Amino acid sequence: QVQLVEFGGGLVQAGGSLRLSCAASGHIFNNYAMGWFRQYSGKEREFVASISESGEYTTYADSVKGRFTISIDNARKTVYLDMNSLKPEDTAVYFCATGIAVSIVPHTSAVDYWGQGTQVTVSS
């Protein structure tokens, strides 16, 4: 079984920054990619960013390109999402995710395991 636990959500003013962390534990396969998704109230979960298991390849949703950065520390089994120039429309619950194909298929269907989610609120 795999457990993903997110940290770092909170309230920030527009233009500010936040760092989300996701610690993985359990039986994580070496070829599992990691990703972040977000969900607006009443909407479907959407892709934000992903990173290959090596950390070499990253993919971003157009809405966050140039503002968000995903990174991974394999020694600590932790993935990060650095969010800069935050906008009110970034307000959502952010979920950490893992799956073999997450870095290739940026969609919820590629996810094998989910974290519990962390709330990010950006005030205007």
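The values are calculated or read from the model by the stated rules, or taken from the named source; none is laboratory data. Every value quoted in this text rests on a predicted model; they were computed, and no experiment measured them. Because the Cβ atoms are built from the backbone with ideal geometry, glycine has one as well, and the counts that use them run over all protein chains shown. These area figures cover heavy atoms from the full protein model, side chains too; ligands, DNA and RNA do not enter into them. Shrake-Rupley method; radii C 1.70, N 1.55, O 1.52, S 1.80 Å.
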TODO: Test residue 21 against the stated conditions and say whether it is small (Gly, Ala, Ser), closer than 20 Å to residue 106 by Cα and open to solvent by 70 Å² or more (accessible area, probe 1.4 Å).
DONE: no
Open item on the list: Within segment 24-38, does at least one residue satisfy the condition of being at pLDDT 95 or above and open to solvent by 20 Å² or more (accessible area, probe 1.4 Å)?
Closed with: no
Open item on the list: If I ask for residues that are outside any loop (DSSP other than H, G, I, E, B), surrounded by 15 or more Cβ atoms within 10 Å (Cβ to Cβ) and of a type outside the set (Ser, Thr, Tyr), which ones from segment 84-124 would you list?
Closed with: 90, 92, 93, 95, 96, 97, 99, 110, 114, 120, 122
Open item on the list: Exactly one of these conditions fails for residue 56: (1) within 26 Å of residue 42 (Cβ to Cβ); (2) among the acidic types (Asp, Glu); (3) open to solvent by 60 Å² or more (accessible area, probe 1.4 Å). Give me its number.
Closed with: (1)
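On the basis of being touching a helix residue (DSSP H, G or I) at 6+ places or on another chain (Cβ under 8 Å) and touching a residue at least 60 places away in the same chain (Cβ under 8 Å), does residue 34 make the cut?
no
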TODO: Please specify each residue of segment 59-83 satisfying the condition of being surrounded by 15 or more Cβ atoms within 10 Å (Cβ to Cβ), among the hydrophobic types (A, V, I, L, M, F, W, C) and free of Cβ contacts under 8 Å to residues at least 60 places away in the same chain.
DONE: 61, 64, 68, 70, 72, 79
Open item on the list: Go through (1) within 16 Å of residue 112 (Cα to Cα); (2) open to solvent by 70 Å² or more (accessible area, probe 1.4 Å); (3) among the hydrophobic types (A, V, I, L, M, F, W, C) for residue 11 and report which single condition fails.
Closed with: (1)
TODO: For segment 39-53, enumerate the residues that are under 11 Å from the mean Cα position of the chain (by Cα) and open to solvent by less than 40 Å² (accessible area, probe 1.4 Å).
DONE: 47, 48, 49, 50, 51
- [ ] For segment 2-47, please list each of the strands (runs of 3 or more DSSP E) lying entirely inside it that holds at least 1 residues being under 16 Å from residue 87 (Cβ atoms).
- [x] 10-13, 18-26, 33-39
